[in-house]
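Structure first, then comments.
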Amino acid sequence: RFLHLLLPPLLHGDVKSPNVLLATATNDVHADVVAKLSDFGTTTTMYPTTTTTTTTTRLVDNATWAAPEILLQQHFFLSADVYGFGIIMSELLSCSHPFVEYTTNFQHELDDAVVDGVRPLLPTTITDEHEEYVALMQQCYHHHHHHRPTT
């Protein structure tokens with residue numbers, strides 16, 4: 001959220017669980033854990049004159065967490081980061097790598113599936129207490145960027 005509230009806002013461009021670092025302020029095992037986003041190599045400034053950006057090359061090598069508009073090399077918005085957060089939410093819910101159930105020989109096959117609307121499968125252990133979490137997660141990784149929550 002911090003990056004998106006700057007003026008001009010910044011798009012991280014590679015929001016994924018391997019780029020989330022966990023830390024505590026002390027060595028106390030009961031201390032609060034803080035998540036911090038790292039790897040700002042793909043960060044893009046979203047200037048006020050434009051609310052979108054586009055690229056003719058892929059921003060990231062591992063596109064498992066990349067929004068469909070990035071995979072299609074279309075205009076993308078700050079909501080591309082929200083999509084990656086939604087995929088991280090699915091990892092936390094399932095306790096597994098996203099798309100682990102989807103077997104492919106090549107990354108482009110998964111990319112094509114994501115563009116076609118495939119998302120990580122929900123675990124069978126979901127209960128009513130997960131309802132709001134699942135609803136938010138599905139909004140975050142919605143296929144159309146304008147249906148994703150804002151930061």
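The values are calculated or read from the model by the stated rules, or taken from the named source; none is laboratory data. Note that the structure is predicted; figures quoted are calculated from it, not measured. All Cβ positions, glycine included, derive from the backbone under ideal geometry; neighbour counts span all protein chains shown. Heavy atoms of the whole protein, side chains included, go into the accessibility calculation; ligands, DNA and RNA do not. Shrake-Rupley method; radii C 1.70, N 1.55, O 1.52, S 1.80 Å.
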Does residue 13 count as in a loop (DSSP other than H, G, I, E, B), at pLDDT 80 or above and open to solvent by less than 30 Å² (accessible area, probe 1.4 Å)? yes
From the residues in region 108-139 that are free of Cβ contacts under 8 Å to residues at least 12 places away in the same chain and outside any helix (DSSP H, G or I), which one is least open to solvent (accessible area, probe 1.4 Å)? 127
Which residue out of 28, 39 is part of a loop (DSSP other than H, G, I, E, B) and either modelled with pLDDT of 85 or more or on the phi > 0 side of the Ramachandran plot (or both)? 39
Scanning region 67-79 for residues that are under 14 Å from residue 137 (Cα atoms) and open to solvent by 10 Å² or more (accessible area, probe 1.4 Å) gives 79
